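Everything below concerns the one structure shown next.
Derivation of every value follows stated rules applied to the coordinates shown; laboratory data play no part. What you are looking at is a predicted structure, and each value in this text was computed from that prediction instead of being measured. Positions of Cβ are generated from backbone atoms using ideal geometry, with glycine treated the same way; all protein chains shown enter the neighbour counts.
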Amino acid sequence: MGSRVRGFGGSRVRTPEPPNPRTPEHKIMAKHILGVDVGGSGIKGALVDIKTGKLIGNRVRVDTPAGTPDIIAEAFAGLVKKIGYEGPIGCGFPAIVQHGVAKSAANIDKGWIGHNIEQEFSDACGNPVKALNDADAAGLAELTFGEGKKVKGVVILITIGTGLGTAQFVDGTLVPNTEFGHLYLHGRIAEHYCSNRVREEENLSWADWAHRFSEYLRHLERLLTPDLFILGGGVSKEFSDFGHLLKVGVPVRPAKLLNNAGIVGAAVYAAKQHK
Ligand code: BGC
């Protein structure tokens, strides 16, 4: 952790300031934060303008290696180095994340359970890392900049990928670590019944998959009475193929930030934590 990180925090509390004696780099740090999305196959990151939610420069990706937390942390550090970034980092992670510690590992190495993600990644890359559930990160991005902006009531974002990630918001406030992808449907864990991986593995048509996914949405509707569902994850860009096939009594919209939501939300989260 270098002086630039302290500069980031300082820029929030030192007011009023004399004419800016800081380097342009300092100004960049206050506004631009590295967001990273750790997934089963890839670790993706980009600098994010946390005022607009826009990416600065390109997304950079490294493969997620198979293996224990230290091996993943090495890959994480490799990504940060590739981007050439120093400063606070936000990280979306595909598990329950409570106070920086992983509490589940449905689609990742079981060695993560009970492991401090923030510590592991901070130590590996030499920058302070704040971690949250990947779907919560995507939800934060959508509720701040995208489809759920200013939506009151209960909003549920579902990321559809290898698993089903969920984020619940009540009047714009995140209720962290909901795991509605692990509810049971027809005796199967929901993400083993209607995730995108299942659609691909079982070679389901859009109609067949939408039938299953509608059952899932109606189950959530019955349990949670949401005002809006937002669908994210890779498949959200195919919404025009299946959106009209969904049958549920609550409006359903595709996420606006598509594949970048996880990165943007992670950066927003880190910015909030370092305020
Ligand atoms: C995990 C969630 C995660 C989701 C998407 C699920 O299997 O339990 O924590 O958000 O996958 O990655």
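Quick notes
- Taking only alpha carbon atoms, the chain gives an Rg to Rh ratio of 0.99, where Rh is the Kirkwood radius.
- Annotation: amide H of L34 within the under-5 Å range of V48, G90, sequence separation 5 or more or interchain, hydrogens built in the peptide plane.
- 3J(HN,Hα) along the range 197-204: 4, 5, 4, 6, 5, 8, 6, 7 Hz, from the Karplus curve 6.51 cos²θ - 1.76 cosθ + 1.60 with θ = phi - 60°, whole Hz, x for Gly and Pro.
- Amide H contacts of G232: I158, T159, I160, A255, each under 5 Å away and 5 or more positions distant or on a separate chain (H built 1.01 Å from N in the peptide plane; Pro and chain starts excluded).
- Once the Cβ-Cβ distance of E74 and L185 is raised to the sixth power relative to R0 = 41 Å, the FRET efficiency obtained is 0.60.
- Highest-MSF residue in the chain out of V48, V250, V101 [GNM, Cα springs under 10 Å]: V250
- Mean residue ellipticity (222 nm) of the chain, computed from DSSP H runs ≥ 4 via -39,500 (n - 2.57), nearest 500: -11000 deg cm²/dmol
- Based on Cα contacts under 8 Å between residues 6+ apart, the chain shows a relative contact order of 21 percent.
- Out-of-range pairs (alpha-carbon distance over 18 Å; input K82/K110; K31/K272; K149/K256; K31/K51): K82/K110
- Of all aspartates and glutamates in the structure, those lying under 12 Å Cα to Cα from K152, and not within fewer than 8 positions of it along the same chain, are D171, D227.
- Calculated from backbone phi, Karplus (6.51, -1.76, 1.60) coupling profile of the range 256-261 in Hz, x at Gly/Pro: 7, 7, 6, 5, 8, 4
- The phi-based Karplus calculation (6.51 cos²θ - 1.76 cosθ + 1.60; θ = phi - 60°) puts the 3J(HN,Hα) values of the range 162-179 at 4, x, 10, x, 10, 9, 10, 10, 10, 6, x, 9, 6, 9, x, 6, 5, 10 Hz, whole numbers, x for Gly and Pro.
- Loop-located trypsin sites (Lys or Arg not before Pro) across the range 70-164 with a Cβ neighbour count of 10 or fewer within 10 Å are K150, with loop assigned by DSSP.
- In this structure the amide hydrogen of A105, modeled in the peptide plane, comes within under 5 Å of no amide hydrogen from residues 5 or more places off or on another chain.
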